[in-house]
Amino acid sequence: MLLQPVNESDRIKSLDILRGFSLLGILLVNIIGFGFISAAYTAPGLIISNTPDLVAWALVQLTAEGAMRGLFSILFGAGVLLFLGKDNDSRGWLHAKRTAWLLIFGLANGYLLLWTGDILVTYALAGFLLYFFRNLSGQALLKIAIAGLALISLYNTAMYFGLSYLQGAAQTVAALESQNAEIPATLRASAEEWAAFETQYSPKPGVIDQEILQRSASYCSAFSWTLGHNTQVLMSLWQFLLPDALVLMLLGMALFKMGILQGNAENAFYRKMMLYGFGSGLLINGFEIWTAIESQFGLLESFAPLSPTYHLGRVALAMGWIGALILIIKRGNIGQGLGNVGRMALTNYLMQSLICLFLFTGAGFGLVDQIPLPKIYGLVLLIWAFQWAFSTWWLQRFYYGPVEWLWRALTYGRLPKFSRKIP
C-alpha cells in the first residue's frame with residue numbers, strides 16, 4: 001500500500017488551495033520573461049516608459065515578486081514529505097525516480113517550450129537534497145531554514161556592496177578618462193568587471209533588437225537563442241536559484257511537520273502570521289520599489305534579487321499570504337476552484353509555457369516585446385480564468401491532471417486509474 005499514489009480522499013485541502021494560488025500568482029512575474037526581453041527582470045527600466053507601466057510594475061513587485069515563487073517552494077518542500085510518508089525509507093527510490101522525471105520535465109520546459117525562467121530543474125536538484133532532511137523535527141528544520149535565510153541574505157549584501165564598489169570604480173575611470181589622467185590597473189580592472197555585469201544584465205539596444213528578432217522570427221530561431229540563454233542560466237543555478245529554493249523548501253518541510261500548512265494552528269496564530277507577514281513584507285518591498293524609482297531605475301538599485309533585503313521581504317510576504325489564505329479556508333467551504341488548479345499544478349505550469357510559446361515566440365504570433373505592460377496583465381487574467389475553468393472541468397472527468405498522471409505512471413512503473421468513467 002505504500003508504493004502507490006496518494007488517494008484523492010487523502011489530499012490536504014489547504015495545500016492544494018495554497019498551491020493553486022501560488023501557481024496562478026507566479027504568472028504575474030513569469031509573464032515578464034515570456035512577453036518581454038530577458039533583461040526586463042533585472043533592468044525593469046527597459047520596459048517602463050509611462051505611469052501605467054510604472055503602476056503595473058510596482059503593484060506586482062509589492063505583492064508577488066519573489067513571494068509567489070517562495071510560496072511555491074514552501075509547498076514543494078511540504079509535498080516531498082507528504083510523498084515520502086511516515087515510512088520514508090521504503091520510498092527513497094521512488095522519490096529519486098519522481099525527482100529525476102521532474103528534472104526531465106524541467107529541461108523540456110526550458111528547451112522545447114522555450115521558457116527562459118523554468119523553475120522545475122532547480123526544484124528537482126533541490127528535491128534530491130531534501131531527502132536527507134526528511135527525518136529532522138519541525139523545530140530543527142525551522143532553525144536550518146532561518147540560518148539559510150540569513151546566509152543567503154548576507155550573500156546578497158556582500159554581492160550588492162561588491163557591485164556597488166565596481167560601479168563606483170567605473171564612474172571614477174570615466175571621470176579620469178575625461179581628464180586624460182592616468183588610471184591605475186586595478187581600478188581599470190574593476191571598471192571592466194562592472195562593464196561586463198552591465199552588458200549581461202542591462203544590454204544595449206542592438207543586443208535587445210537581436211534578441212527580439214531571434215525570439216519572434218520562427219520556432220527554430222527562438223530555439224537557437226533559448227538554447228544558449230538557458231544553458232548559461234543552468235550553469236549559474238548554484239549561485240542564486242538553488243540556495244533560494246532549498247532554503248524555502250526546508251521552511252516548507254518545517255511548517256508541514258508543525259501542522260501550520262494544514263491549518264492545525266489556532267486562528268490567532270494565522271492572524272499574527274498574516275499581519276506581521278504583510279506588514280513587514282510590504283514595508284520591505286515598498287522600500288525596494290522606492291529605491292529603484294529614486295535611482296531612476298539604475299541597474300544595481302532595481303535588480304531586485306540582489307537587494308540585501310530581498311529574501312526577507314519575499315519570505316515575510318509569503319508568510320502573510322499563507323496566514324490570510326488559511327484563515328479564509330477555515331472560515332468556510334471555499335477555494336475549490338483554486339484547489340483544482342493546485343491539484344493540476346504541474347500541468348498548469350507547463351500549460352502556461354505552452355500558451356506563452358504561441359503568444360510570444362516565433363512558433364506562433366511572435367508578440368515578444370510588442371504588448372504594453374498593463375495590457376499584458378489582461379492576458380494574465382484570461383489565462384487565469386481559462387486554467388481555473390479547465391482544471392475544474394478536467395477533474396470532474398479524471399482523477400489526475402494529464403501531466404500529473406504521466407508523472408505518477410513514470411514514477412510507479414504502472415498506470416494509475418485515470419478516467420472517472422472507468423470503475
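The values are calculated or read from the model by the stated rules, or taken from the named source; none is laboratory data. As the structure is a computational prediction, the values presented were derived from the model and not from experiment. Backbone-built Cβ (ideal geometry, glycine too); neighbour counts: all protein chains shown. Note: accessible area is taken over every heavy atom of the protein model, side chains too, but ligands, DNA and RNA are not part of it. Shrake-Rupley method; radii C 1.70, N 1.55, O 1.52, S 1.80 Å.
Would you point out the residue of the range 369-409, among those that are among the aromatic types (Phe, Trp, Tyr) and touching a strand residue (DSSP E or B) at 6+ places or on another chain (Cβ under 9 Å), that is nearest to Gln352 (Cα to Cα)? Full working, then the answer.
To start, the set of residues in the range 369-409 that are among the aromatic types (Phe, Trp, Tyr) comprises 377, 384, 386, 388, 390, 393-394, 398-400, 405, 407.
From the residues that got through so far, the ones that are touching a strand residue (DSSP E or B) at 6+ places or on another chain (Cβ under 9 Å) too are 398-399, 405.
Details: Phe398: 20, Tyr399: 21, Trp405: 18 Å.
Checked the range 369-409; the qualifying residue nearest to Gln352 (Cα to Cα) is Trp405.
If a residue must be hydrophobic (A, V, I, L, M, F, W, C), over 23 Å from Met249 (Cβ atoms) and open to solvent by less than 20 Å² (accessible area, probe 1.4 Å), how many such residues does the range 311-346 contain?
The first filter runs over the range 311-346 and keeps only residues hydrophobic (A, V, I, L, M, F, W, C), leaving 312, 315-319, 321-322, 324-329, 334, 338, 341, 344-346.
Among the residues that remain, those that are also over 23 Å from Met249 (Cβ atoms) are: 327-328, 334.
When the remaining residues are screened for being open to solvent by less than 20 Å² (accessible area, probe 1.4 Å), the result is 327.
Residues flagged as hydrophobic (A, V, I, L, M, F, W, C), over 23 Å from Met249 (Cβ atoms) and open to solvent by less than 20 Å² (accessible area, probe 1.4 Å) within the range 311-346 amount to 1.
Of these, Leu62, Leu84, which one is more than 30 Å from Ser221 (Cα to Cα) and either modelled with pLDDT under 95 or among the charged types (D, E, K, R) (or both)? It would help to see each step written out before you state the result.
Details: Leu62 fails: either modelled with pLDDT under 95 or among the charged types (D, E, K, R) (or both).
Going through Leu62, Leu84 in turn, the sole match is Leu84.
Test Gly117 against the stated conditions and say whether it is in contact (Cβ under 8 Å) with a residue 12 or more places away in the chain and part of a helix (DSSP H, G or I). Even if it seems obvious, please write down each step before you answer.
Values: in contact (Cβ under 8 Å) with a residue 12 or more places away in the chain: yes; part of a helix (DSSP H, G or I): no.
Answer is no for this residue.
Has the range 27-43 got at least one residue that is of a type in the set (Gly, Ala, Ser), free of Cβ contacts under 8 Å to residues at least 40 places away in the same chain and closer than 30 Å to Glu301 by Cβ?
Yes; the residues of the range 27-43 include at least one that is of a type in the set (Gly, Ala, Ser), free of Cβ contacts under 8 Å to residues at least 40 places away in the same chain and closer than 30 Å to Glu301 by Cβ.
Filter the range 60-115 for residues that are among the hydroxyl-bearing types (Ser, Thr, Tyr) and in contact with a Gly (Cβ under 9 Å, 6 or more places away or on another chain) and give the result. Walk me through how you get there before you give the answer.
First pass over the range 60-115, keeping only residues among the hydroxyl-bearing types (Ser, Thr, Tyr): 63, 73, 90, 99, 111.
Once the filter is applied, which keeps residues that are among the hydroxyl-bearing types (Ser, Thr, Tyr) and in contact with a Gly (Cβ under 9 Å, 6 or more places away or on another chain), the range 60-115 yields Thr63, Ser73, Thr99.
How many residues does the range 117-144 contain that are within 30 Å of Ser302 (Cβ to Cβ) and open to solvent by less than 20 Å² (accessible area, probe 1.4 Å)? Quick ask: steps written out before the conclusion?
Restricting attention to the range 117-144, the residues satisfying the condition of being within 30 Å of Ser302 (Cβ to Cβ) are 117-123, 125-126.
Within this subset, residues satisfying the condition of being open to solvent by less than 20 Å² (accessible area, probe 1.4 Å) are 119-123, 126.
Here the count works out to 6.
Run Leu300 past the list (1) under 28 Å from Lys13 (Cβ atoms); (2) hydrophobic (A, V, I, L, M, F, W, C); (3) more than 17 Å from the chain's Cα centre (by Cα); (4) in a helix (DSSP H, G or I) and report the number of the one that doesn't hold.
For Leu300, the failing item is (1).
Given the condition acidic (Asp, Glu), over 30 Å from Phe76 (Cβ atoms) and more than 28 Å from the chain's Cα centre (by Cα), answer yes or no: does some residue in the range 166-185 qualify?
Filtering the range 166-185 for residues acidic (Asp, Glu) gives 177, 182.
If we keep only those that are over 30 Å from Phe76 (Cβ atoms) too, we end up with 177, 182.
Keeping just the survivors that are more than 28 Å from the chain's Cα centre (by Cα) gives 177, 182.
Yes - at least one qualifying residue is present in the range 166-185.
If a residue has to be open to solvent by less than 50 Å² (accessible area, probe 1.4 Å) and either over 22 Å from Leu46 (Cα atoms) or of a type in the set (Phe, Trp, Tyr) (or both) to count, how many in the range 184-223 make the cut?
8
Within the range 258-281, work out how many residues are over 17 Å from Arg19 (Cα atoms) and open to solvent by 20 Å² or more (accessible area, probe 1.4 Å).
The first filter runs over the range 258-281 and keeps only residues over 17 Å from Arg19 (Cα atoms), leaving 258, 264-281.
Subset that is open to solvent by 20 Å² or more (accessible area, probe 1.4 Å): 258, 264-269, 271-276, 278-280.
Total meeting the criteria: 16.
Can you tell me which of (1) open to solvent by 50 Å² or more (accessible area, probe 1.4 Å); (2) at pLDDT 95 or above is the one Tyr349 doesn't meet?
Single failed check for Tyr349: (1).
Going through the range 8-41 one residue at a time, which ones are under 28 Å from Asp369 (Cα atoms), open to solvent by 10 Å² or more (accessible area, probe 1.4 Å) and β-branched (Val, Ile, Thr)?
Ile26, Val29, Ile32
When you check Ala147 against the structure, is it open to solvent by 10 Å² or more (accessible area, probe 1.4 Å) and at pLDDT 95 or above, yes or no? Lay out the reasoning, then the answer.
Values: open to solvent by 10 Å² or more (accessible area, probe 1.4 Å): yes; at pLDDT 95 or above: yes.
Taking the combined requirement at face value, the residue satisfies it.
Six or more apart or on different chains, Cβ atoms under 9 Å: show the pairs whose first residue is in the range 269-284 and of a type in the set (Ser, Thr, Tyr) and whose second is at pLDDT below 95 and open to solvent by 40 Å² or more (accessible area, probe 1.4 Å).
Tyr270/Lys330
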